[in-house]
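Below is one structure, written out as structure tokens; comments come after it.
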Amino acid sequence: MALQYPLLFPYGTDGWSQDIPRRFTSSTSISTITVREFYAFQIQDQVGESTIVKQSKRMGQQFYVDTWAVIEQYRLTWYQNHQGRLRTKLYSGIQDIINVGDVNAQSVGWRYILLSSFIGGPRYMMQHYQDATVICHAMGPPNFFIIFTCNPSWSEITNELLPSQRSEDCLDLIT
């Protein structure tokens with residue numbers, strides 16, 4: 001990230017690596033910092049530290065998008081490398097493909113299985129769809145459609161902004 005954002009990291013700050021030790025560990029936790037934990041710490045306000053990422057407006061928003069992409073890619077790589085631990089042999093096979101209705105021989109091969117806990121994956125979406133269907137079946141269709149809106153000029157928002165910031169620069173405040 002220091003090479004991609006030299007204005008945000010003028011001193012060439014080291015980025016995340018897999019061997020950053022965790023300061024406080026318990027017997028059940030992992031001993032190194034995850035990529036999500038690293039970037040979450042970098043984005044948060046630190047006492048006595050510069051808030052250059054938050055003050056960088058649109059470049060900061062691009063940095064947030066890039067860090068999210070790095071975190072998501074790391075999660076997908078983990079799923080790809082740990083298919084054996086996820087017992088994906090139970091899900092893969094020609095019979096499973098035929099049961100789904102996919103009879104095209106070109107699509108038969110190795111597929112990576114994402115758990116239903118992977119946010120945004122097809123099994124995650126299907127699980128939430130089925131949950132919503134069961135709720136509607138038990139409780140009836142929804143009666144209200146409620147929308148919450150936010151005025152970026154509210155005093156609760158403007159009081160938290162730094163002097164050079166506008167409300168659209170701090171999406172965490174608005175959302």
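Any read-out appearing in this document is the output of simple, stated calculations on the displayed coordinates, not a laboratory observation. Owing to the predicted nature of the structure, the values given are computational and were not obtained by experimental measurement.
Going by amide H atoms built from the backbone, whose H comes under 5 Å of the H on T32, apart from near neighbours?
Close amide H contacts, sequence-distant or interchain: R22.
What length, rounded to one decimal in nm, is gained on full extension from F145 through to Y64, with 0.36 nm per residue of separation minus their alpha-carbon distance?
Numbers: separation 81, 0.36 × 81 = 29.16 nm, distance 3.09 nm.
Stretched out fully, the F145 to Y64 stretch lengthens by 26.1 nm.
May I ask you to derive the relative contact order of the stretch 1-81, considering only C-alpha pairs under 8 Å and at least 6 residues apart, and to give it as an integer percent?
Rounded, it is 21 percent for the stretch 1-81.
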